[in-house]
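Derivation of every value follows stated rules applied to the coordinates shown; laboratory data play no part. Just so it is clear, the structure is predicted and the values come from calculations on it, not from any experiment. Positions of Cβ are backbone-derived with ideal geometry, glycine not excepted, and every protein chain shown enters the neighbour counts.
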Amino acid sequence: MKKLLFIAVALMAIASCKQEKPKIDVAAVMQRDSLNQVIEQRDNEINDMLATFNEIEEGFREINEAEHRVSIAKQGEGSSRTERIRENIQFIRSTMNQNRELIAKLQRQLRESTFNGDQLKRAIENMTAQLEEKDKQLQKLREELDAKDIHITELDEQIAGLNTNVSALKEETTQKTATINTQDKQLNTAWFVFGTKDELKEQKIYVDGKVLSSNFNRDYFTKIDIRVDKEIKLYSRSAKMLTAHPAGSYTLERNANKQYVLRITNPQQFWSTSKYLVVLVK
């Protein structure tokens, strides 16, 4: 009887364990899934850009080989020499045009991606410089062929086209770099102000208990770079945040003089709700 009772109790305990469902932290799962999506998107963007980069590098390798074949053909004899030179120059022209298009594609991929890679930007600039160097080499090749009375019409057309296209590509790269730098600076620019209630009211920053609701004086604010400026001294023993910023992204503490100092511990999160910061002091 005791044995049966023990078995019954054990079975009930097992059944109870099976009925208990593990608790799932939904927020944590959603955050993990969101993070995985961001990582996957970033990986796909990087892989696409690397594939384009590798195509460009392969193009330059093939151009170098074709140039070597031209150099060998220049030393040869016979009517086939001119034909071999012509074929290789046509190949160089086609490959350089392809590289030019791929560089433009890579610039577009970088501009449209969430990846901000300084090394990749420098690599694009280096590849543009390589195109300029190839232009110079082709001009030198034309001079050498002219000296040997070898006139290649395709080469003359190639040189003329390269002069125009490389200059245009260089100008486009410069403009895009300037645009990216401007956009990057704008994205990382914020403004702050602190003052007494009367001072803020005078500048229409704080009106009828509301902040930044009217045509306030923007010139009264101080502009900062959120990547650099992460500490704001308020020079007051009383400080109250009037604009909303995520809790946990900053601390508001007193220094040795009992005056408040705002320290921004997570700039991206802190400035995500507003690029304007208003602090009321006394």
Residue-span extension gain [ASN217 to GLU143] - 0.36 nm each, minus C-alpha spacing
20.2 nm
Where labels lie 7 Å past Cα in the beta-carbon direction, separation of GLU112 and GLN203 in nm
4.2 nm
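Given R₀ = 22 Å, what would the calculated FRET efficiency be for ASP229 paired with ASN257, taking r from the Cβ atoms and rounding to 0.05? Walk me through the intermediate numbers first.
Values: r = 21 Å, r/R0 = 0.94.
Plugging the Cβ-Cβ distance into 1/(1 + (r/R0)^6) gives 0.60.
At a 10 angstrom cut-off on C-beta neighbours, averaged per residue, how do the peptides 272-281, 217-226 rank from highest to lowest? Intermediate values should be presented prior to the final figure.
Working: 272-281: 17.7, 217-226: 13.5.
Packing order, densest peptide first, comes out as 272-281, 217-226.
Which pairs in the list LYS197/LYS230; LYS210/LYS282; LYS210/LYS240; LYS201/LYS240; LYS210/LYS230; LYS197/LYS233 are over 20 Å apart, alpha-carbon to alpha-carbon? Walk me through the intermediate numbers first.
Numbers: LYS197/LYS230 24 Å; LYS210/LYS282 18 Å; LYS210/LYS240 14 Å; LYS201/LYS240 15 Å; LYS210/LYS230 26 Å; LYS197/LYS233 18 Å.
Pairs exceeding the cut-off: LYS197/LYS230; LYS210/LYS230.
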